[in-house]
Amino acid sequence: MTNPPARSLPASLRATPMLNRWLGVSGEGHIVLTPGKVEIGQGILTVLVQLCADELDVNPHRVRLQPAGTEHSPNEGVTSGSLSVQDCGMSVRHVAAQTRQVFLAEAARQLGVSVDELSVEDGIICGPGNLSTSYWELAPQIDLARPVDPEVAPKAVESRRLTGRSLPRVDVAGKAFGTRPYIHDIVLPDMLHGRVLRAPRPGAKLAALGEFDCTGTRLVRDGSFVGVICESEAAADAALRRLEAAASWAGGYDMPDAHDLAGWLKRQPAETSLVAERNASDPEPLVSLRRSYFKPYLAHASIAPSCAIAQWSDETLHVISHTQGIFNLRSDLAIVFGTAEEKISVQHAESAGCYGHNGADDVALDAALLARAVPGNPVRVRWSRADELAASPLGAAMTIDVGAQVSAAGDIQYWHHEIWSNGYVARPGRGDTPALLAAFDLAQPFPLYIAQDPPLAGGGGAQRNAVPLYDFPSWRIVKHRLLTMPLRTSSIRALGAFGNIFAIESFLDELATELDQDPLALRLRYLADERARAVLQRVATMADWGKAAIPDGHGRGLAFARYKNSSAYCAVVAEVDVNEEPRARRLWIAVDVGETINPDGVINQIEGGAIQATSWSLKEQVAYDEEGVTSRSWESYPILRFSEVPAVSVEIIDRPELPAVGAGEAAQGPVAAALANAIYNALGVRVRKLPLTRDHIIEAME
Amino acid sequence: MSDTSPQNRARESHMLIVNGQSYAFDDASQANLLDLLRNRLGLMASRFGCGEGLCGACRVLVDGQPMPACDTPLWSIAGRAVTTVEGLGTAAQPHPIQTALIAEQAMQCGYCISGIIVSAAALLQKNADPDEAEVRAALDDNLCRCGAHNRIVRAVMRAAAAIRSANEMP
């Protein structure tokens, strides 16, 4: 037997190769899946049910999902980067395929026939004549504690029955009836309620705690970490208000220059690195056009404030959390409490969409710190709206300069892209010190964890999608990662891809104007990749690009990217109305995610991502002054409302023979650039500063 | 027959009707309606989102009008009838809006959806034939972060059509 080509297996399965860690077959007629990735509103659970049921030939309702937990789930790292389908989904497909093979081999042995003579219908295994058995009958006799066999091939494309179809989501009905619980709804015996007081200014220390009425309240303080525990939520909220009045704070980080954030980013101490270069010469070629683009800090702005439950008993800690990485959270908690990871268990429970690294992990440490004061009692902590908007990690602000050298004949010969930004990843479980907010406030504090960027091969952070997909003959991409971090930054949907694609695709539009070329034609000229060309051509057809009559005061723009240069292809045409505050009226989107497992799920993710990106692009920026973040409510951090949402049409170019990739982040960058390009088309004004507000249009005209 | 004696009125003023059932509450209670629903009555479908009445996640019907439960003090709604999502429909007897939301797969994380169901139910109660702009206007105080807006609007239009055709039945 030849050594299996381990590379062909998805990363998650290589890390956890035992079948029984992923899947179990119950004698009662169920398949139990125990995936390590978690539902964050993206619909992954439904995709897993489809993939599993398809390979095993069972009805989807037989597949049950166990919430992820460190005690039983495979360690799949973090549910992020649009990797759930390609890592977890493909692992489940492979495990289910092998499970089927194991069961059929045993059925063939017991029935005295060959495997080829067997077929499966909803778990019933039928042979010639009346011979039959079932997964459920065989389950007690089969041990799935066996390693994955990379040689097992999942079903051929033409044999798939459930994948490629829009199976309704497994969680939607429960949400419509309000019966599917979120973490905020979990009530445990003897559970208490905690609240934590956050410094108004990042880095401030608790200078004094004045008189505080402790009636019915347990006060917990460790350095500048201070919180309350009460028997009810209402009492805890009231105690927090009393605590706020009693606390005085001192110091804090110097906030970025609110009047010139773009310039401030360039003035900070930074780690400079070469992201990529192609045929670049030294000294650098002179660029004939150079422009500077900017994106502000963004808030994740989850509709649910972060929440966690923690309980200590006999030196062991149990945490219920909506973290995107149960194992990562566990490892940071172990550092903070100086305990072995085995003494801590983290169980996942759903919350609202997080769109990246919000306060989910931070609130888990809050709960664990409070619960330590009341051993035996579970303590549930829920953040306030203000903390969710202001104390959660933010998406980093970026200044991005793009330049090009264009020959006299109008050919792009050299491309330069330079980024100034904080890192985009400060998730827990990555460093020697914890990345959890309260850890920086303890009496024995851990140092502030400065956000990093993974290498491009791992998806990158601020530099994600900084390398153009276009066939330019030479380029140089440089990144300056800030070493100061007065406003804490970490992953937000698409990471640096949002800003980088906004810059690249805006700049290409500027070049098209300079060269007097159609923006679509210019892009196609530098794209050999057939899948890239196909989404561009499809979206052009959808929007009747270059031919449609456009109303007065409206404009249209186009943009394209392949997410991470290795994932989904997405092309967007946007139509804006600039008669008043700029409004997106319509988005046309063509997308290629390889094999489409659930078409409606892909459309939902692309459409949702596009609407969120419209909100980011037209409305959003974190506001702050010298005393910290001031956008602390929905009034000061407005997001797109129903009446402002554009019509969105999405078409999928399905490629069932190609690997499936995620759809969750593909639309973010192209939407921003398409909107900016549409504003230029309408007004002849190039807005290089997000958000694309009337104020920034006026600033760009000056 | 209702008793309108002063003592009884006073007692009634300490009652609240939630999904058709009467509840008594303490006059001294400082709690808001959302706290009562979630923590004392175990009705979890109404969500906490902001505590300031700005996101719509906690919306309930009070005498048929959509209101945020999170900043509504109990004393201010004494004697009135509150309807939550649990009272609008169940899996066994779904409200047309719930049926339509499922048909349109009109959500992602779903945290905002209870409040949206409430706003939409209030709209369809008074206008069973809204146009798209009227639906959007009725939902404008409900925030959705996942971007399921257009699907939700389609679902409300579908529910309206279902209600109209049910009403037209002989």
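Nothing in this text is a laboratory measurement; each read-out follows from the coordinates by a stated rule. Everything numeric here is computed off the predicted structure, so don't read it as measured data. Note that we place each Cβ from the backbone using ideal geometry, even for glycine, and neighbour counts take in every protein chain shown.
Tabulated data for the structure shown
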item: Dipole moment magnitude, nearest 20 debye, the protein assembly as shown about Cα centre, only Lys, Arg, Asp, Glu C-beta charged; result: 220
item: Net charge over other residues, Cβ less than 15 angstrom from the Cβ of A:Val170 (K, R count +1; D, E count -1); result: +2
item: Length-normalised contact order of chain A in % [C-alpha pairs under 8 Å, at least 6 apart]; result: 14
item: Shape parameters for region B:6-88, alpha-carbon atoms, Rg then Dmax in Å; result: 12.0, 39
item: Relative contact order (percent, whole number), region A:6-176, Cα cutoff 8 Å, 6+ residue spacing; result: 32
item: Fraction of beta bridges assigned by DSSP in region A:265-412 that are antiparallel (%, nearest 5); result: 80
item: Relative contact order (%) - chain B, alpha-carbon pairs under 8 angstrom, separation at least six; result: 22
item: Spatial separation of Cα centroids for region A:241-310 and region B:20-79, in angstrom; result: 40
item: Among the listed pairs A:Lys295/B:Lys126; A:Lys155/A:Lys564; A:Lys155/A:Lys479; A:Lys564/A:Lys689, those beyond 32 Å (Cα-Cα); result: A:Lys295/B:Lys126; A:Lys155/A:Lys479
item: Antiparallel bridge percentage (DSSP; both residues within region A:6-176; nearest 5); result: 75
item: Fewest-first sequence of A:Glu39, A:Glu277 by Cβ atoms within 10 Å of each Cβ; result: A:Glu277, A:Glu39
item: Rounded Å value of the spacing that divides the Cα centres of region A:51-84 and region A:612-662; result: 28
item: Cα-Cα P(r), region A:6-176, percent of pairs per 10 Å interval; result: 10, 40, 36, 12, 2
item: Unit charges at the beta carbon, dipole of the protein assembly as shown: most positive-side option, B:Gly49, A:Ser80, A:Val196; result: A:Ser80
item: Low-density loop positions, GluC sites (Glu not before Pro), region A:172-268 - DSSP coil, at most 16 other Cβ in 10 Å; result: A:Glu211, A:Glu231
item: Translational diffusion of the protein assembly as shown, µm² s⁻¹ [Kirkwood Rh, Cα pairs; Stokes-Einstein; 37 °C; 0.692 mPa s]; result: 115
item: Charge tally in the Cβ shell below 11 Å around B:Met67, where Lys, Arg are +1 and Asp, Glu are -1, B:Met67 excluded; result: -1
item: Euclidean distance of C-alpha centroids, region A:445-502 and region A:512-559, integer Å; result: 27
item: Residues A:Met255, A:Met398, A:Met701, B:Met44, sorted so that the one with the fewest Cβ neighbours within 10 Å comes first; result: A:Met701, A:Met255, B:Met44, A:Met398
item: Principal axis box of region A:576-702, alpha-carbon based, largest edge first, Å; result: 52, 36, 25
item: Antiparallel %, DSSP beta bridges [both residues in chain A], to 5; result: 75
item: Within a Gaussian network of chain B (alpha carbon springs, distance under 10 Å), most fluctuating of B:Gly51, B:Gly147, B:Gly115; result: B:Gly147
item: Axial C-alpha extent at least 15 Å, average Kyte-Doolittle at least -0.5 - helices from chain A (DSSP); result: A:44-56, A:90-111, A:233-246, A:326-337, A:360-371, A:497-515, A:530-543, A:599-619, A:668-683
item: Options A:Val115, A:Leu45, A:Val95, ranked by Cα towards positive dipole end of region A:6-176, top entry (Cβ charges); result: A:Leu45
item: Neighbourhood net charge (12 Å Cβ-Cβ; Lys/Arg +1, Asp/Glu -1) for A:Leu243; result: +2
item: Acute angle (nearest 10 degrees) that the helix B:113-126 long axis makes with the longest principal axis of chain B, alpha-carbon atoms; result: 90
